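Student: Next up is a structure, given as structure tokens.
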Amino acid sequence: DENGYVDIDWDTLGFGLTSTDYMYKMKCFKDEEFTEGKLIPYGNIELSPAACVLNYGQGLFEGMKAIRREDGKVVLFRPDENALRMRIGAERMCMPSPSVDPFIDAVKQTALANKRWIPPPGKGSLYIRPLLLGTGAILGVAPAPEYTFLIYASPVRNYFKEESAALNLYVEDQFDRASRGGAGGVKSITNYAPAMKPLAKAKNNGYSDVLYLDSATGKYIEEVSACNIFMVKDKIISTPPTKGTILPGVTRKSMIEIAREQGFKVEERQIAVEELLEADEAFCTGTAVVVVPVGSITYQAKRPESPLGYAELIGYSSSEGSDTNYEPDLEENEGGTREVN
Ligand code: COI
């Protein structure tokens, strides 16, 4: 339109994909550097059936947002953090990766090329999704001979249908997300498909999302499907230490830094589920999720009468603007008491 926006209804945006005009693409061979990336029209890509990413999951993604401020300026939130995290992940997955400056430059180009899709101030953001993929063909289990760095973008608003209402989390005690020495601490594409089954189960039972426990003991909380978790007890803010099995979120890091700057005590330490159930407050952080309050935690199919049991106690109503205010179907729930040492 005359203000430079595409003609879409900004008020009904959720976290669905809205395809935009351009994507960024850069390729390189194994043991070489990424150079000469460029913007191309958004669209499908062609891959060999033997592409390493399709067969063996050699791939990483990132997530970041471009926001249009009231004064019209477009800003990116800490893109250097995403660039560095992709480099760390690439090392774990045996992939070459773009250096920080070319990464940020590519993200900027993608955001600006799709500027008319960046929502008006206060109506959401442009979610930018960098991908690093082993696209070369290979049959044996080994790193791909060729790599593709791609960035696409989509305007988004709220990740959860609960919008600003509190989340009802289900503590998953059958399925684990990550284990010691695995890839849980990097943004490997392989971390996400195995989380779909427990997430679907939790959603079918009326929960908003799943909270995973550490795979070694099943005692300590780790993270939610697409976000990190924090708790507050007696004004002290705590969150589990990332230590290889938890994704080091950029919003998590920012939350810790801002809370400390504001004078809060913030601890990164192991948190037993029981301790979370006794918390005064809990909340989740993530790029897609931003910051959302937790209204209830259900552990071993029991929604405890703990201070966190219902959202009213932290000033939110779990039924506000959402349909999450109903009792989960416990019969469907296969959970039980987990034996721990
Ligand atoms: C993000 O917050 O950017 C994420 O990567 C979460 C994603 C799985 C939606």
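Student: Has the range 34-55 got at least one residue that is within 16 Å of the ligand (Cβ to nearest atom) and aliphatic (A, V, I, L, M)?
Tutor: There is no residue in the range 34-55 that is within 16 Å of the ligand (Cβ to nearest atom) and aliphatic (A, V, I, L, M).
Student: Also: Among the residues of the range 40-61, write down those that are farther than 26 Å from residue 250 by Cα and either of a type in the set (A, V, I, L, M) or in a strand (DSSP E or B) (or both).
Tutor: Selection gives 40, 41, 45, 47, 50, 51, 54.
Student: On the basis of being aromatic (Phe, Trp, Tyr), within 19 Å of the chain's Cα centre (by Cα) and modelled with pLDDT of 95 or more, does residue 147 make the cut?
Tutor: So residue 147 fails the test.
Student: With 206, 181 as the choices, which residue is assigned to a loop (DSSP other than H, G, I, E, B) and either modelled with pLDDT under 95 or buried (at least 24 other Cβ atoms within 10 Å of the Cβ) (or both)?
Tutor: Step by step, each of 206, 181 is checked, and only 206 is assigned to a loop (DSSP other than H, G, I, E, B) and either modelled with pLDDT under 95 or buried (at least 24 other Cβ atoms within 10 Å of the Cβ) (or both).
Student: Still on this model: Inspect all residues belonging to the range 185-201 and state whether any of them is under 15 Å from residue 292 (Cα atoms) and modelled with pLDDT of 95 or more.
Tutor: no
Student: Quick check: anything in the range 52-60 farther than 17 Å from residue 189 by Cα and without any contact (Cβ under 8 Å) to a residue 40 or more places away in the chain?
Tutor: No, there is no match, as no residue in the range 52-60 is farther than 17 Å from residue 189 by Cα and without any contact (Cβ under 8 Å) to a residue 40 or more places away in the chain.
Student: Restricting attention to the range 210-266, report how many residues are exposed (fewer than 15 other Cβ atoms within 10 Å of the Cβ) and among the basic types (Lys, Arg).
Tutor: Selection size over the range 210-266: 4.
Student: Looking for whichever is of a type in the set (Lys, Arg), assigned to a helix (DSSP H, G or I) and within 16 Å of the ligand (Cβ to nearest atom) here; the options are 252, 260. Which one fits?
Tutor: Only one candidate qualifies: 252.
Student: Pull out all pairs, ordered by first then second residue, where Cβ-Cβ is under 6 Å, the residues are six or more apart or on different chains, the first lies in the range 65-87 and is touching a residue at least 60 places away in the same chain (Cβ under 8 Å), and the second is in a helix (DSSP H, G or I).
Tutor: 66/111; 78/250; 81/250
Student: Does the range 7-29 hold any residues that are outside any strand (DSSP E or B), crowded, with 16+ Cβ neighbours inside 10 Å and not polar (S, T, N, Q), and which are they?
Tutor: Within the range 7-29, 13, 15 qualify.
The values are calculated or read from the model by the stated rules, or taken from the named source; none is laboratory data. Values in this document were obtained by computation on a predicted structure and should not be read as measured data. Virtual Cβ from ideal backbone geometry, glycine too; neighbours counted across all protein chains shown.
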